[in-house]
Amino acid sequence: MSKNCLFCKIAKGEIPSYKIYEDEKIFAFKDINPLAPIHILIIPKKHIVGLDTVSEEDEKILGNVQIVMSKIAKQFPEMKNGFRIVNNCGADGGQTVLHIHYHLLGGRVFSWPPG
Ligand code: 5GP
Ligand code: ZN
């Protein structure tokens with residue numbers, strides 16, 4: 001928990017969000033500014049700044065995050081043909097909230113390469 005972190009506060013329920021999934025270590029909620037028909041953010045409750053600061057001790061939780069994303073995607077018929085997972089890391093990656101999070105985007109076709 002980092003005192004002034006927006007996503008730590010959301011995970012603790014101190015700031016309201018539209019919850020999609022929660023377990024002991026992971027929280028998932030709708031993005032406030034959806035960029036696709038389905039746009040969900042998945043975070044570990046542990047305050048990790050970004051994918052550039054993870055360590056070996058985060059192996060299990062980061063693995064679990066991927067399993068949870070797969071389970072969430074299966075619950076939405078809009079994602080039966082696929083979906084997009086995005087992690088923006090650091091300034092060049094476009095990260096605006098400094099608590100690691102994965103975007104689960106679905107319900108439309110996504111282009112590649114990204115902008
Ligand atoms: P980033 O740009 O860091 O990869 O993604 C941050 C995401 O958090 C953005 O898509 C933004 O819309 C979302 N976001 C920012 N503030 C809030 C908030 O207070 N509530 C929710 N649900 N999403 C937020
Ligand atoms: Zn945090």
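The values are calculated or read from the model by the stated rules, or taken from the named source; none is laboratory data. This structure is a prediction, so every number in the text was calculated from the model and none was measured. Glycine gets a Cβ as well: all are built from the backbone with ideal geometry, and neighbour counts include every protein chain shown. Calculation scope for accessible area: heavy atoms of the full protein, side chains included, ligands and nucleic acids excluded. Shrake-Rupley method; radii C 1.70, N 1.55, O 1.52, S 1.80 Å.
With a Cα-only, solvent-free Debye model of the chain, what are the log10 I(q)/I(0) values at q = 0.16, 0.19, 0.22 Å⁻¹?
-0.74, -1.06, -1.39
Quick check: the angle from helix 59-75's long axis to the longest principal axis of the chain, C-alpha only, nearest 10 degrees?
Compared with the principal axis, the helix lies near 30 degrees.
State which entries of 3/46; 25/46; 9/74; 12/80 exceed 19 angstrom in Cα-Cα distance in the structure shown.
Result: 9/74; 12/80 exceed 19 Å.
For the range 6-106, what % of the accessible area comes from carbon and sulfur atoms, probe 1.4 Å?
54
What does the charge add up to near residue 5, with Lys and Arg as +1, Asp and Glu as -1, over the other residues with Cβ less than 12 Å from its Cβ?
Neighbour charge sum, excluding residue 5 itself: +4.
Can you give me the accessible area per residue for the range 6-106, using a 1.4 Å probe, in Å²? Before the final figure, lay out the partial values.
Values: 5930 Å² over 101 residues.
It amounts to 59 Å² per residue over the range 6-106.
In debye, nearest 20, what is the charge dipole magnitude of the chain about its Cα centre with +1 on Lys and Arg Cβ and -1 on Asp and Glu Cβ, if you could check? Numbers along the way, then the final one.
Values: 14 positive and 12 negative charges, 89 e Å.
Charge dipole, the chain, about its Cα centre: 420 debye, nearest 20.
Using a Gaussian network model of the chain with C-alpha springs under 10 Å, which one of 95, 75, 66 is most mobile by mean-square fluctuation?
75
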